[in-house]
Amino acid sequence: MRLSRTITCCLALTAIPLAVAQQSAAPRQAQGIDTYIHESWDKLSRSTTECDSVADPKVDVAPVLYLPANEAIPAAVKAMQQSCKVEVKHLPRPIRHEGEVNPSELTAQGLLYLPNKYVVPGGRFNEMYGWDSYFILLGELSDGRLELARGTVENFFYELDYYGAILNANRTYYLTRSQPPLLSSMVLAVYRAELAQDPKAARKWLKKALPYLQRDHDFWTAEPHQAGRTGLSRYADLGNGPVPEMEDDNSYYLDVLHWLVRHRDQAPVEYLERANGSLHCVGNTPCIKTDAEGLALTKRFFAGDRAMRESGFDTSFRFGPFSGSTDDYAPICLNSLLYKYERDIAFIELTLGDATDAVEWSSIAGVRMAHINDAMWDEEQGLYFDLDFVHSRRSGYKTLASYYALWAGVATKEQAKRMEENLKLFERPGGLQTSTVETGVQWDAPFGWAPLQWLTVEGLERYGYHTDALRIAREFTGSVENGYAQDGTIREKYNVVAASSKVEVQTGYKDNIVGFGWTNAVYVKLRDLLATH
C-alpha cells in the first residue's frame, strides 16, 4: 500500500524543522493513522437505501426519506422502508431551479434520495455535502476508490436534475442553498483517474459531465448570485429566518443576539430590531429582554447568516459580526473558484474537440480574472480582499481565503510573491490559521481547517514556492498526528497555534467532530506531497 511505504520518509520530514516531540506523533502512530483513514471510507459511507443514512442528529424528527416528484419508489427503498420503519414521501412537484420547493411547505424535514453511495464528513453531518465531497473525493481516489468517487459526482448530477442545484447537503432544509462550486474539479479528478484505466470510457464520461458543469456555472452567474454590476458573484440563500439545522445548538442565535447587544458600537443597526411588543417572537426567532422591551434579530441578519452557510465559512466575522452581511460581498474564494471552473470547462471543451467553445470559455475566465484583480487586489497590503459591492470597498479582513487566488491561478507572479511574503500573517506552529482575528468562532484565528491548508499548499506549489508548501504540509500533518496520538481520532478542525485538536469555540459549533472526511483526505494528500519531495 502506497501510504505505508511513505511513513518513514514523512515522519522524518515532519520532525526536521519543528520543536521535536511537540510537533509530530511517535512513529508507531503513523500506521494507526493509515488504518484509520483507509477504514474511514467504509465507516463513513452512506446510502439512501440504508437505515443509518436517514437519521439526522441535527433535528428532532422521525426519519423521512423524500423522492423527487413523480419518481417510482426503487425496490431498495421499499425494502429499507419496511426494515427501518422509515416514512417515504415525494416532493410536492418537480424542481427545475433552486427554490421552487420551499422547505417550509413540507410537513416534515427529511433526507433527499440519491442513487449512489457517498461519504459523509462524520458526527452530526450525516449526509453528502457540497464542498466537503471534493476533498473527500481526493482521499477516495488516493485509496483507489474510483467507483465510490465517480458515484459521488453522479449524485451531484442527480441533484442538478431533480433538486435544481448542487445542494449544501441532501436534506430538505438545504433546498434553498448550495455550497462552494467545486464540481468541475471533482469531474476532472475522476476523469484523470479513469483515463489511466480506460481512456475511451473516461472521454465518454467527460462528455456526459459537460452539460452539468455548464448548468452549475449558470447557477452561480445568475440572480440571486450576481454581486450587483461588478461582473462577480456572491453567496445567497433563498430561505428566510433561522436555519433549521441549528436545532441541536439552540443557543447559537441567542448567543449572537447577546453579543450584538453588548457590542452595539460594532453591530450594524440593521441586525437588531424591537420585538413586536412582547418577548413572544415570530416563529423560532430568538429575542431577549432589554429594559422593558425585547430585541430580536432581523430578516436582514438572517439573510446574511444563511448566505454565510452557503459559503462554508460558518461561522466567521469575515463578512461583519457573525458574517451577518455575507450577501453584500463578492468573496475572493467564490470568484477564484468560478475562474478555475471556467478554465476547467475550456479545457474540457478542447479535450472533446470543440476549440471554438474552448476559446469562448477562456475569454469568460479572462474577464473574471480582470474583475478580481481590479476590485479585490490590494497592492499596498499584498493580499486579495472580499469586495463589499454594496458600499464599493474592499473589506480589509485578512483571511486565508485570499490564497484561493493562487490555487486557481488568478494571481500574477508578482502578486504571488507578495502573498508568499504574507504567509507569516497566517502561519503558526501547527499550520495556517483561517484569519488574523480571534473572535471566538470557528472560522477565525487560531483555528486551522484541512481544506484551506490543501488549497493554499497546492497554490504555493503552483507558483513554485515548494519550500513553503512543504513546511506548511509538515506543520499541519504534525497537528493531525498530535491529535491522533492523544485519542486515536482525526477531527474536523485544529488549533494551529497549539498544534492540537483541542479547540475551544465560544459561539456556534463548539464540538470538534470526529470523523473526519476532509481532514482524512487532506492528511493523505499532504503526506503524499511530502513523500514526493
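Here are Gly440, Gly431, Gly478, Gly448: which of them is touching an Asp or Glu at 6+ places or on another chain (Cβ under 7 Å), farther than 13 Å from Lys525 by Cα and in contact (Cβ under 8 Å) with a residue 24 or more places away in the chain?
Answer to the check: Gly431.
Any idea which of Leu160, Leu175 is surrounded by fewer than 23 Cβ atoms within 10 Å (Cβ to Cβ) and among the hydrophobic types (A, V, I, L, M, F, W, C)?
Numbers: Leu175 fails: surrounded by fewer than 23 Cβ atoms within 10 Å (Cβ to Cβ).
Exactly one residue qualifies, and that residue is Leu160.
Residue by residue through the range 230-246, note down the ones that are hydrophobic (A, V, I, L, M, F, W, C) and either in a helix (DSSP H, G or I) or over 15 Å from Tyr339 (Cα atoms) (or both).
Residues satisfying the conditions are Ala236, Leu238, Val243, Met246.
Would you confirm whether any residue within the range 190-207 is buried (at least 18 other Cβ atoms within 10 Å of the Cβ), closer than 27 Å to Arg124 by Cα and touching a residue at least 40 places away in the same chain (Cβ under 8 Å)?
No; the residues of the range 190-207 include none that is buried (at least 18 other Cβ atoms within 10 Å of the Cβ), closer than 27 Å to Arg124 by Cα and touching a residue at least 40 places away in the same chain (Cβ under 8 Å).
Can you tell me which of (1) surrounded by fewer than 24 Cβ atoms within 10 Å (Cβ to Cβ); (2) among the hydroxyl-bearing types (Ser, Thr, Tyr); (3) at pLDDT 95 or above is the one Tyr341 doesn't meet?
(1)
Between residues in the range 360-383 that are of a type in the set (Val, Ile, Thr) and residues that are crowded, with 16+ Cβ neighbours inside 10 Å and modelled with pLDDT of 95 or more, which pairs lie under 6 Å by C-beta distance while being six or more apart or on different chains?
Between residues of the range 360-383 that are of a type in the set (Val, Ile, Thr) and residues that are crowded, with 16+ Cβ neighbours inside 10 Å and modelled with pLDDT of 95 or more, the close pairs are Ile364/Glu342; Ile372/Asn335; Ile372/Val410.
Let's see how each residue does on (1) at negative phi; (2) buried (at least 19 other Cβ atoms within 10 Å of the Cβ); (3) touching a strand residue (DSSP E or B) at 6+ places or on another chain (Cβ under 7 Å); (4) not in a helix (DSSP H, G or I):
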site	(1), (2), (3), (4)
Trp443	yes, yes, no, yes
Leu455	yes, yes, no, no
Leu460	yes, yes, no, no
Leu470	yes, yes, no, no
Ala485	yes, no, no, no
Thr489	yes, no, yes, yes
Asn520	yes, yes, no, no
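Hey, can you tell me all the residues within the range 420-439 that are within 19 Å of Phe322 (Cβ to Cβ), surrounded by fewer than 18 Cβ atoms within 10 Å (Cβ to Cβ) and in contact with a helix residue (DSSP H, G or I) (Cβ under 8 Å, 6 or more places away or on another chain)?
If the condition is that a residue be within 19 Å of Phe322 (Cβ to Cβ), surrounded by fewer than 18 Cβ atoms within 10 Å (Cβ to Cβ) and in contact with a helix residue (DSSP H, G or I) (Cβ under 8 Å, 6 or more places away or on another chain), then Thr436 is the only one that fits.
Residues that are touching a residue at least 24 places away in the same chain (Cβ under 8 Å) and not in a helix (DSSP H, G or I): does the range 181-188 have at least one?
Yes - at least one qualifying residue is present in the range 181-188.
So which residues in the range 517-533 are among the polar types (S, T, N, Q) and closer than 15 Å to Gly478 by Cβ, if there are any at all?
Correct list: Thr519 only.
The values are calculated or read from the model by the stated rules, or taken from the named source; none is laboratory data. Computed from a predicted model, the values in this text were never measured in an experiment. Neighbour counts are summed over all protein chains in view; Cβ atoms, including those assigned to glycine, are modelled from backbone coordinates with ideal geometry.
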